[in-house]
Structures are given as C-alpha cells and as structure tokens.
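One structure below.
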Amino acid sequence: MFEHCIWLNEPAQWRVDGDTLHVRTDLKTDFWRETHYGFVRHSGHVFGYRTSGDFTASVRVRAAFRELYDQAGIMVLVDERTWIKAGIEHSDGQGSLSSVLTVGQSDWALSAFAGDPGDFWVRATVSDGVLKVQASADGTHWPFIRLCPFPTAASYFVGPMCCSPERAGLEVAFSDFDVTPPIGKALHDLT
C-alpha cells in the first residue's frame, strides 16, 4: 500500500522496508488549531493515500514514546482546517489513546489503553458523514474509541501520522497499512 502514498510534511529520515514504513520525526512537529494554546501547527508527518470517497483504513504502529506529546497513529484530512488524528500520545508520563478532531478548531480526548501503547493498531472508518475510530491491542479485537460527525467529501487523505512537538527523534514503525471500502460493521462489533 505504501507505494501509493505521498508525504504531507516529509521527514528528513524515513524509509520503506517491505511492508514497513520507518520514520524518525523532525524537530517540533505537530498538528493543532487554536484551542487553549492559541497557535496553529500543521507540520506533523503523514504518509497518505487519496481515497475516492468513504473508506476504512487501518495501520499497526510500533514506537518508543517517551517525551511529552510524542504521538503516532492515523490521520484523515479533508483540508488544513478539517481533520482528525488518532492513536497513542505520551501525556502525563504515559502513553494514552488520543484523538484530536479539528473542524476549524481542535478538540482533544485522552483515555487509558488496555494494551501495550508501544505496539497497537488503529482503524478509521468514514461513511455517510460519520467517522468511527477504533484501537486494538492485538489486531483482532477492535473496541471503538470515538464516533463523531465528519464532513462529507469527494476524497480524503488518510495515512500513518507521527509528531513530536517537544523534540526531534521519535522513531516509529508503521505496518499492515490498508485502505478499503467502508467495512459497515455495527457500532459495537469488535472484529
């Protein structure tokens, strides 16, 4: 799948080995719009695929999170003011499930992850103006972490995302990246 992807904010150090994308984040990279902090950042790294409408996308993420706001997961963009990023973020001394929905301004939600935050899967489904985000500790069971309205668009830019707002050098390995038509499962279907 990575052969069909392009960079938004290409990092200085990255490579693809087989089906694995290895990234080392650049200095002070992030995605954020205004809320609380008052600033706008659109400098994080996304290796994205352009869809032709609604979709389901998933990716496995392995990273050694250690500094405040280190983050990696998946991102879905319509444009610079309309996007979501979801995955693991290092906050308050631990890796937590994190999602930031931005429609003009960013929100931020954190919760505990029942698994190894250094090795997880994340999945996003956009269908009929609704976005569902799921996270998995094993790639088999997929509890949902967020359900929200999301703007309908002719296409979306979706792919693995990573940022390190306080430093450079977060090393992330992304694998098993896939984009398909929306899976259409029930809200609490864990498969």
Taking segment 158-191 and keeping only residues that are modelled with pLDDT under 95 and among the charged types (D, E, K, R), one is left with K185, D189
If I filter segment 10-33 down to residues being more than 19 Å from D70 (Cα to Cα) and over 17 Å from the mean Cα position of the chain (by Cα), which single residue comes out as surrounded by the fewest Cβ atoms within 10 Å (Cβ to Cβ)? G18
Would you mind finding the one in S106, S111, S127 that is among the small types (G, A, S) and within 21 Å of T29 (Cα to Cα)? S106
Residues located in segment 36-58, provided they are out of contact with any Lys or Arg (no Cβ under 9 Å at 6 or more places or on another chain), surrounded by fewer than 14 Cβ atoms within 10 Å (Cβ to Cβ) and more than 13 Å from F157 (Cβ to Cβ): H36, Y37, G38
Counting only strands (runs of 3 or more DSSP E) wholly inside segment 49-142, the ones holding at least 3 residues that are under 28 Å from E3 (Cα atoms) and touching a strand residue (DSSP E or B) at 6+ places or on another chain (Cβ under 6 Å) are 55-63, 71-79, 82-91, 94-103, 119-127, 130-136
Among the residues of segment 33-51, which ones are touching a Ser or Thr at 6+ places or on another chain (Cβ under 8 Å) and modelled with pLDDT of 95 or more? S43, G44, H45, R50, T51
Among the residues of segment 25-42, is any out of contact with any Pro (no Cβ under 7 Å at 6 or more places or on another chain), part of a loop (DSSP other than H, G, I, E, B) and within 17 Å of F174 (Cβ to Cβ)? no
Exposed (fewer than 13 other Cβ atoms within 10 Å of the Cβ) and not in a strand (DSSP E or B), is that true of T152? no
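It is to be established whether one or more residues within segment 158-178 are closer than 14 Å to F55 by Cβ, touching a Leu at 6+ places or on another chain (Cβ under 6 Å) and assigned to a strand (DSSP E or B). First the steps, then the outcome.
Of all residues in segment 158-178, those closer than 14 Å to F55 by Cβ come to 158-159, 177-178.
Add one more test, that the residue is touching a Leu at 6+ places or on another chain (Cβ under 6 Å), and what stays is none.
Within segment 158-178, none of the residues are closer than 14 Å to F55 by Cβ, touching a Leu at 6+ places or on another chain (Cβ under 6 Å) and assigned to a strand (DSSP E or B).
The values are calculated or read from the model by the stated rules, or taken from the named source; none is laboratory data. Bear in mind the structure is a predicted one, so any value in this text is a computation, not a measurement. Cβ sites come from the backbone with ideal geometry, for glycine too, and all protein chains shown count toward neighbours.
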